[in-house]
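Structure provided below as structure tokens; questions to follow.
The values are calculated or read from the model by the stated rules, or taken from the named source; none is laboratory data. Because the structure is a prediction, the values reported are computed rather than measured. Cβ sites come from the backbone with ideal geometry, for glycine too, and all protein chains shown count toward neighbours.
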């Protein structure tokens, strides 16, 4: 799976020009290879039908997922982000579900995932901020696991914006898009992120 911009015409243009690299091999270039099945997304009027691609080098196929979506989630990433920020502000899952029009069980599931991996996710995004090469001030603990994750992603957003500005591919650098791209769209997926390697930066 590869995260790409929302504009499908731009995606097709980049595929035709050999500008989308394969994540499975260092020299691979992705080319069009049909489409994935259409999928309804809460928050969008029309179903999304992601482009499929195939590497010219290793022949591995990849789905090209728009930066507005997380892997295997049927809600816009902006809605999920809104739920996380509301939790960080002190709201409970029932109130969040009512505000967003999302089933309470779904919201509770999102929050449980983040709560269960908060420290490693925090570390991951602080590492992204540090790697951007901009002087950063590590956020202090907020007293909320979800709040710590939001703060770390916010730090990464600030660092990437300061270093690169708005990107030509994903467009405006927002916290939601940094959460999607920085996690490879796997923010809520099982097994993500991998455990930090020994010796990486101290984020305490």
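Consider residue 43 carefully, then state whether it is farther than 26 Å from residue 175 by Cβ and either within 15 Å of the chain's Cα centre (by Cα) or not assigned by TED's automatic domain parsing to the domain that holds residue 147 (or both).
no
I want to confirm something. Restricting to region 70-80 and keeping residues that are touching a residue at least 60 places away in the same chain (Cβ under 8 Å) and not in a helix (DSSP H, G or I), which single residue is nearest to residue 141 (Cα to Cα)?
Once the filter is applied, the top-ranked residue is 70.
Out of 186, 145, 112, which single residue is within 30 Å of residue 8 (Cα to Cα) and modelled with pLDDT of 95 or more?
After ruling out the rest, the residue left standing is 186.
Among the listed residues 24, 13, which satisfies the condition of being over 30 Å from residue 144 (Cα atoms), assigned to a loop (DSSP other than H, G, I, E, B) and out of contact with any helix residue (DSSP H, G or I) (no Cβ under 8 Å at 6 or more places or on another chain)? Talk me through it step by step, then tell me what you get.
Details: 13 fails: assigned to a loop (DSSP other than H, G, I, E, B).
One residue alone meets the criteria, 24.
Conditions (1) surrounded by 19 or more Cβ atoms within 10 Å (Cβ to Cβ); (2) farther than 30 Å from residue 25 by Cβ, marked per residue:
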| site | (1), (2) |
| --- | --- |
| 39 | no, no |
| 42 | no, yes |
| 50 | yes, no |
| 54 | no, no |
| 59 | no, no |
| 71 | no, no |
| 91 | no, yes |
| 101 | no, yes |
